[in-house]
Amino acid sequence: MTRENTPRLALTLGDPAGIGPEVILKALADPQFSHKCDLTVIGSKNLLLEVYQQLNSTDLANPNQLQVLDVPLKPEITQEIMMGRGNAASGAASFAYLEYAIARTLSGEFDGIVTAPIAKSAWQLAGYNYPGQTELLAEKSGVDRFGMLFVARSPHTGWTLRTLLATTHIPLCQVAQTLTPELLTKKLNLLVDCLVQNFGIKNGKIAIAGLNPHSGEQGQLGNEEQDWLIPWLEQQKINHPNFLLQGPIPPDTMWVKPGQAWYGNSSVHNVADAYLALYHDQGLIPVKLMAFDRAVNTSIGLPFARTSPDHGTAFDIAGQGIADATSMKAAIELATELISQKLMVGSVDS
């Protein structure tokens, strides 16, 4: 790949009171990234320098040697940011970083965004009523067809786990009312398009979870499967003849084969290429159990690549120098791969 086709990535600091600045500096200390992509940090350079000087470690990139776009912040916001304590000021800063990155990416300056974690509660304190970064990215990009796909590559076997959430940041009591055939159709179509376009999987297998224990036990433990989920799935099998759709699989057993594939059980076979979970914890408990330090949150359906580490702000360890940058590195790597594939396809088409 020529240097002109090198992926251009914006890295947002996330909540500056959390571990975002630390894991970014740790990740960018790895020389591999300078050969694969052009990286620009979106945030506050003075804050990066403070973290660098405070931790005083050879494992950190020197902010003076990085490309950093300083986001203008009001002095009263900067003064109120305290390491390890998420508040309205840190929420306002992380929101400003992301807005800045989105605007620059939509204008064509970057090919994708890698976001460090934010605290939703800090956004709320700052007056921003969004469930998370994904929803802001979608709104600013003008799309209503998007999803949260979690991707992780096993260090034991090299197998790739892909999990899409049908619903995301809503209370558990709202899940059954939110799930509809129309919503699931939109998510499944999005997942199929993603597998084909981003991962080159044109004839794959997708496992789809049931909602209730034992997938409803034929109506004994819930009616959603019998009333509409099973009929919906039968129709989708017709709509997607190139994909083998399995389900609705009882949620407590759906993750057995992925666990075996992740940890290296040689007897596992017919493992799915992707998993469609119906709500947040149904999908993310197994993902984080297997891949907490390396899973990547990927926003699909946007006009650009967006990835993020699959962990939070970790205010309790911020500023201590012990944060693990593995997931941030994986997020940069995946964004680079997704953009590189898109650039190569574009160059062939032209």
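The values are calculated or read from the model by the stated rules, or taken from the named source; none is laboratory data. Remember, predicted model here, so these are calculated numbers, not experimental data. Cβ placement follows ideal geometry from the backbone for every residue including glycine, while neighbour counts extend to all protein chains displayed. In case anyone asks, the SASA skips ligands and DNA or RNA and just uses the protein heavy atoms, side chains included. Shrake-Rupley method; radii C 1.70, N 1.55, O 1.52, S 1.80 Å.
In deg cm²/dmol, rounded to 500, what helix-only [θ] at 222 nm does the chain give when every DSSP H run of at least 4 residues adds -39500 (n - 2.57) and the total is split over its residues?
Working: 13 runs with 142 residues, N = 350.
After summing the helix terms and dividing by the residues of the chain, the value is -12500 deg cm²/dmol.
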Log10 I(q)/I(0) at q = 0.08, 0.10, 0.21 Å⁻¹ for region 125-279, from Debye over equal alpha-carbon scatterers, is -0.25, -0.39, -1.46
Add +1 for every Lys or Arg and -1 for every Asp or Glu among the other residues with Cβ under 12 Å from the Cβ of L98, and state the total. -1
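Can you give me the accessible area per residue for region 186-231, using a 1.4 Å probe, in Å²? Walk me through the numbers on the way to the answer.
Values: 2170 Å² over 46 residues.
Normalised by residue count, the accessible surface of region 186-231 is 47 Å².
Quick one: work out Rg over Rh on the C-alpha atoms of region 255-345, Rh as Kirkwood radius. If you can, show how the numbers build up before the last one.
Working: Rg = 15.4 Å, Rh = 15.2 Å.
Result: Rg/Rh = 1.01.
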Specify the angular offset, from 0 to 90 degrees and rounded to the nearest 10, of the alpha carbon long axis of helix 280-291 from the longest principal axis of the alpha carbons in the chain. 70
Note down the Stokes-Einstein diffusion coefficient of region 168-248 in µm²/s, whole number, using a Kirkwood radius over alpha carbon pairs, 25 °C, and 0.890 mPa s. 181
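Pairs K288/K329; K36/K140; K257/K288; K205/K257: which exceed 19 Å Cα-Cα? Please report the intermediate quantities before stating the final value.
Numbers: K288/K329 16 Å; K36/K140 28 Å; K257/K288 16 Å; K205/K257 13 Å.
K36/K140, as the Cα separations exceed 19 Å there.
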List, in order, the whole-Hz ³J(HN,Hα) value for each residue of region 257-264 obtained from phi through the Karplus relation with A = 6.51, B = -1.76, C = 1.60 and θ = phi - 60°; use x for Gly and Pro. 5, x, x, 5, 5, 5, 8, x
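Between H269 and S107, take the C-beta separation as r, use R0 = 35 Å, and let me know the FRET efficiency to the nearest 0.05. Before the final figure, lay out each step's value.
Numbers: r = 47 Å, r/R0 = 1.35.
Plugging the Cβ-Cβ distance into 1/(1 + (r/R0)^6) gives 0.15.
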Bridge type composition, the chain - antiparallel percent by DSSP, nearest 5: 35
Which one of A261, A103, A272 has the biggest mean-square fluctuation once the chain is modelled by GNM with Cα springs under 10 Å? A103
In a Gaussian network model over the chain where Cα atoms closer than 10 Å are linked, find which of A314, A17, A166 has the largest mean-square fluctuation. A314
Could you pull out every one of the aspartates and glutamates with an alpha carbon less than 12 Å from that of K120, ignoring same-chain neighbours closer than 8 positions? D15, E135
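Just the number please: accessible area per residue for region 240-328, 1.4 Å probe, all protein chains included, in Å².
Working: 3610 Å² over 89 residues.
Solvent-accessible surface per residue comes out at 41 Å².
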Estimated FRET transfer efficiency when R0 is 25 angstrom, pair S121-F292 (beta carbons, to 0.05): 0.75
Could you give the Stokes-Einstein D for region 164-209 in µm² per second, using the C-alpha Kirkwood radius, 10 °C, 1.306 mPa s? 134
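Taking the Cα centre of region 79-155 as origin, work out the dipole magnitude from +1 charges on Lys and Arg Cβ and -1 charges on Asp and Glu Cβ, in debye rounded to 20. Walk me through the numbers before you get to the answer.
Working: 6 positive and 7 negative charges, 47 e Å.
Charge dipole of region 79-155: 220 debye, to the nearest 20.
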Taking +1 at the Cβ of each Lys and Arg and -1 at the Cβ of each Asp and Glu, which of P171, T58, N212 sits farthest along the dipole of the chain towards its positive end, judged by Cα position relative to the Cα centre? T58
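Tally up the carbon and sulfur contribution to the accessible surface of the chain as a whole percent, 1.4 Å probe, everything protein left in place.
Here carbon and sulfur together make up 50 percent of the probe-accessible area.
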Helix 181-199 versus the longest principal axis of the chain: what is the Cα-based angle in degrees, 0 to 90, to the nearest 10? 60
With the convex hull built on the Cα atoms of region 208-272, state its orientation-averaged projected area in nm². 4.8
Starting from the Cα of N46, step 7 Å toward the Cβ, then list every residue of region 71-96 with an amide N under 12 Å from that point. 71-81
With N residues in region 116-206, Rg(alpha-carbon) / (2.2 N^0.38 Å) equals 1.27
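Could you work out the percent of alpha carbon pairs in region 1-125 separated by over 20 Å, rounded to a whole number? Intermediate values should be presented prior to the final figure.
Numbers: 3194 of 7750 pairs.
Beyond 20 Å sits 41 percent of the P(r) for region 1-125.
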If you take every residue apart from N270 with its C-beta less than 11 Å away from the C-beta of N270, what net charge results, scoring Lys and Arg +1 and Asp and Glu -1? +1
Near P131, within a Cβ-to-Cβ distance under 12 Å, what is the net charge of the other residues, with Lys and Arg +1 and Asp and Glu -1? -1
Taking a label point 7 Å from the Cα of L183 along Cα-to-Cβ, the residues of region 143-158 whose backbone nitrogen sits under 15 Å from it are 145-148
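So for region 97-187, averaging the separation of alpha carbon pairs under 8 Å that are six or more residues apart and normalising by length, what relative contact order in percent results? Kindly include the intermediate steps, with their values, before the conclusion.
Values: 62 pairs, mean separation 15.9, N = 91.
It rounds to 17 percent for region 97-187.
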Please compute the per residue accessible area over region 34-160 with all protein chains in place, 1.4 Å probe, rounded to a whole number of Å². 48
Counting only GluC sites (Glu not before Pro) that are in a DSSP loop and have at most 15 other C-beta atoms within 10 Å, tell me the longest site-free stretch of the chain. 218-350
